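Down below is the structure, laid out as structure tokens.
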Amino acid sequence: MKKLYELNINQIAKIYSLNTSNESTLRLSEMGFIPGSIVRMIKKNPFGGPLELKLNDYYIAIRKEDALMIEVK
């Protein structure tokens, strides 16, 4: 399974699962990162900086650590 962080710029994927701690899962779920949601990579910042994603017509920035725990198809 591919990780969200591994997507290329402008690549679209569907969220498959969240493999995070309970606190992180709750926070990401409240932001809209739930299985079945469509996400598009907008921008990757260098040196492990935050990612900019488009999720459900919203632009969201998340940490690299969180993106590595989200599996996509």
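The values are calculated or read from the model by the stated rules, or taken from the named source; none is laboratory data. Please read all numbers here as calculations on a predicted model, not as lab measurements. In this analysis, Cβ positions are derived from the backbone assuming ideal geometry, glycine residues included, and neighbour counts consider all displayed protein chains. Ligands, DNA and RNA are excluded from the accessible area calculation, which covers all protein heavy atoms including side chains. Shrake-Rupley method; radii C 1.70, N 1.55, O 1.52, S 1.80 Å.
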| task | From the list Lys54, Lys44, Lys64, pick out the single residue that is under 16 Å from Lys2 (Cα atoms) and either β-branched (Val, Ile, Thr) or open to solvent by 40 Å² or more (accessible area, probe 1.4 Å) (or both). | result | Lys64
| query | Do any residues in the stretch 18-30 that are on the phi < 0 side of the Ramachandran plot and assigned to a helix (DSSP H, G or I) have Cβ atoms under 7 Å from those of residues that are of a type in the set (S, T, N, Q) and open to solvent by less than 30 Å² (accessible area, probe 1.4 Å), where the two are at least six apart or on different chains, and which pairs are they? | reply | Leu28/Thr20
| note | Residue hits (the stretch 31-57; out of contact with any Gly (no Cβ under 8 Å at 6 or more places or on another chain) and on the phi > 0 side of the Ramachandran plot) are Gly32, Gly36, Phe47, Gly48, Asp57
| When residues of the stretch 1-40 are limited to those that are touching a helix residue (DSSP H, G or I) at 6+ places or on another chain (Cβ under 8 Å) and within 13 Å of Val72 (Cα to Cα), the one modelled with the lowest pLDDT | Leu18
